[in-house]
1. So, by mean Cβ neighbours within 10 angstrom, what's the order for 40-50, 67-77 with the highest one leading?
2. Test of understanding: ordering C212, C157 by Cβ neighbours within 10 Å, fewest first, what list do you get?
3. In a Debye calculation with equal point scatterers on the alpha-carbon sites of the chain and no solvent, what is log10 I(q)/I(0) at q = 0.15, 0.16, 0.18 Å⁻¹?
4. With a 10 Å Cβ neighbour count serving as the proxy for reagent exposure, in which order, fewest first, do V32, V165 appear?
5. Could you size up the charge dipole of the chain around its Cα centre, putting +1 on the beta carbon of Lys and Arg and -1 on that of Asp and Glu, and report it in debye to the nearest 20?
6. Under 5 Å between amide hydrogens, which residues at least 5 positions from L61 or on another chain qualify, with H placed 1.01 Å from N in the peptide plane?
7. I need E161, E111 ordered by Cβ neighbour count within 10 Å, fewest first.
8. How much length would be gained if the chain were fully extended between E73 and R36, taking 0.36 nm per residue of separation minus their Cα-Cα distance, in nm to one decimal?
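Read-outs throughout are calculated quantities, based only on the coordinates presented, and are distinct from any laboratory measurement. Computed from a predicted model, the values in this text were never measured in an experiment. No Cβ is skipped: glycine too gets one built from the backbone with ideal geometry, and neighbour counts run over all protein chains shown.
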Amino acid sequence: MKDLFDFNNFWLIWICCAGSNEGTSLFRIQSVWGIRTNYLYHKETSLDKPLFEAMLEKGYLKRGKKGLVSDFEWIPSYILKRHKLKSDAPGWSLNSFIVETIPDIHKFMKENSTVLFDLAPIKNLYQSDLNTIKRNGSTIFDDILLYVFISNLIPFCKRYEADIVIRMLYTFFSFSTEKDFLSYFYALNNKLKSDAMPIVIPNEGQLVDVLCPLKFSEKDKELK
């Protein structure tokens, strides 16, 4: 039997149910994403039940006052599995940073779920495309981690009068053809409380450890 994560609608359901503390109905999810049938209620052949029921049984969802509510307790182990540390891996890696900051990121997601997973910015992130959220929904936690990482870089850029670095990063994200990172990040900036952001890079020493070491090739040096 394939993993529930591999079903097309797993991430559509989980992400859309993560933005409300009272719950979201499958009918509302279908309406928001322009789904004209009730196929989220249909039985999956390999499960012999609808996907949402299997998600409830496995603890990915729970029942709320007004519908289904996403559970967050499984996320740390999922992130660890996606970013598995490899002690023998050569070169620089962000793996250790990700592992060390999981508790703070996990707490941040739980405490700010109604903002991070609000349907309006989520639709902006996936450009209102149903197939995109199905296909790329599995990276939502990486997207949030990236947002936290950049938000922690901004104070250092301002301190060293290097705002252009952030502008360059945002320009880089604008090249994405499937996700609108800028609209999503801007929406979070406007809605999150000023003290909500976890501090995962507290000082310059930690910053140096986190940043990728810069190595120029001979061709790069000529461009300088």
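1. Details: 40-50: 12.9, 67-77: 16.7.
In descending order of packing, they fall as 67-77, 40-50.
2. Values: C212 9, C157 16.
The order, fewest Cβ neighbours first, is C212, C157.
3. Taken in order of the listed q values, log10 I(q)/I(0) reads -1.09, -1.21, -1.45.
4. Exposure proxy ranking, most exposed first: V165, V32.
5. 500 debye
6. L56, D71
7. Exposure proxy ranking, most exposed first: E161, E111.
8. Gain in length upon complete extension: 10.1 nm.
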